[in-house]
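S.K.: Take a look at this one; I'll ask things after.
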Amino acid sequence: MKRQSLWRRWALSCLMVLANAAHAAPPRELEGVAIDDTAQVAGAKLVLNGASIQKRGFFKTNTCALYLTEKRHTLGEVVKLAGPKRVHLVMLRDVKGFLIARQFLNDFAASASEAEAQALTTEVESIAAGYAKIDMLHKGDVVLIDWIPGEGIAASLNGQSMGPAHDNELLWDVSLRPVMGPLAPRELREQLLGIN
């Protein structure tokens with residue numbers, strides 16, 4: 001009798017595990033790129049706020065995922081949120097480094113006020129020069145752009161640092177505007193901010 005009871009409990013446990021697995025959310029995926037629900041930055045566990053695909057003209061260039069300590073739905077809230085933050089990019093096509101540098105400068109010019117542009121000239125030129133040094137970003141390459149309190153913006157390409165960190169909150173704010181600000185494509189902005 002005891003054996004039957006143990007067997008029934010074991011079978012019931014197995015069925016419950018299988019049922020939970022069947023109802024678990026499927027892994028997120030964009031254009032064949034897996035989007036993780038969490039990320040670890042500077043010892044903190046971050047949660048996925050939203051993910052989308054960036055386009056240049058008609059071309060899909062990369063996936064873009066935003067990770068925060070807590071979910072936020074406006075750019076202002078994202079910028080003000082304390083703790084580490086991450087923008088995770090995965091290239092969907094090959095793009096020459098000088099083209100990325102040029103687009104970065106164009107996005108910055110469109111997003112910053114004249115006073116902000118003057119205040120950030122040194123940092124912006126340094127970041128653009130870093131992209132320009134890269135011959136080509138290839139399909140599947142991973143770019144991580146982290147905000148780490150006390151250190152600033154740290155960027156890496158496939159795990160290798162792309163240069164010194166820039167400890168400037170204004171630079172972080174302006175850098176996010178092309179993808180989450182009022183001039184960003186609506187679908188991109190809303191998906192990253194978890195609105196749609």
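The values are calculated or read from the model by the stated rules, or taken from the named source; none is laboratory data. Please read these numbers as outputs of a predicted model, since none were measured by experiment. Cβ coordinates were reconstructed from backbone atoms using ideal geometry, including for glycine residues, and neighbour counts include every protein chain displayed. To get the accessible areas, we keep the full protein, side chains included, count just its heavy atoms, and leave off ligands, DNA and RNA. Shrake-Rupley method; radii C 1.70, N 1.55, O 1.52, S 1.80 Å.
S.K.: Given the conditions (1) modelled with pLDDT of 95 or more; (2) under 25 Å from Leu68 (Cα atoms), report the number of the one that Gly163 does not fulfil.
M.R.: Unmet for Gly163, out of (1) modelled with pLDDT of 95 or more; (2) under 25 Å from Leu68 (Cα atoms): (1).
S.K.: Could you please let me know if Phe108 is of a type in the set (Phe, Trp, Tyr), open to solvent by 30 Å² or more (accessible area, probe 1.4 Å), out of contact with any Phe, Trp or Tyr (no Cβ under 7 Å at 6 or more places or on another chain) and over 20 Å from Pro149 (Cα atoms)?
M.R.: So Phe108 does not fit the description; no.
S.K.: Considering only residues that are open to solvent by 50 Å² or more (accessible area, probe 1.4 Å) and assigned to a loop (DSSP other than H, G, I, E, B), look in segment 166-196 and name the one that is nearest to Lys55 (Cα to Cα).
M.R.: Pro185
S.K.: Where the second residue is hydrophobic (A, V, I, L, M, F, W, C) and open to solvent by 70 Å² or more (accessible area, probe 1.4 Å) and the first is within 12 Å of Gln103 (Cβ to Cβ) and lies in segment 55-70, which pairs have Cβ atoms under 7 Å and are six or more apart or on separate chains?
M.R.: Going by the 7 Å Cβ cut-off, there are no qualifying pairs.
S.K.: If Trp147 passes every condition in (1) in contact with a helix residue (DSSP H, G or I) (Cβ under 9 Å, 6 or more places away or on another chain); (2) at pLDDT below 95; (3) closer than 27 Å to Ala34 by Cα but one, which one does it miss?
M.R.: Checking Trp147 against (1) in contact with a helix residue (DSSP H, G or I) (Cβ under 9 Å, 6 or more places away or on another chain); (2) at pLDDT below 95; (3) closer than 27 Å to Ala34 by Cα, the one that fails is (2).
S.K.: Contact list please: Cβ distance under 6 Å, first residue in segment 31-54 and open to solvent by 20 Å² or more (accessible area, probe 1.4 Å), second residue assigned to a loop (DSSP other than H, G, I, E, B), pairs at least six apart or on different chains.
M.R.: Going by the 6 Å Cβ cut-off, the qualifying pairs are Glu31/Leu92; Ala34/Pro27; Ala42/Pro84; Ala44/Gly83; Ala44/Pro84.
S.K.: If you don't mind, another one. Read through the list (1) modelled with pLDDT under 95; (2) assigned to a helix (DSSP H, G or I); (3) open to solvent by 60 Å² or more (accessible area, probe 1.4 Å); (4) not aliphatic (A, V, I, L, M), then give the number of the only condition that Pro26 fails.
M.R.: (2) is the only condition that Pro26 fails.
S.K.: Note down all Cβ pairs under 9 Å where the first residue falls in segment 71-87 and is of a type in the set (Gly, Ala, Ser), the second is surrounded by 13 or more Cβ atoms within 10 Å (Cβ to Cβ) and in a loop (DSSP other than H, G, I, E, B), and they're at least six residues apart or on different chains.
M.R.: As it stands, the answer is Ala82/Thr69; Ala82/Pro149; Gly83/Ala42; Gly83/Thr69; Gly83/Pro149, since those pairs meet every condition given.
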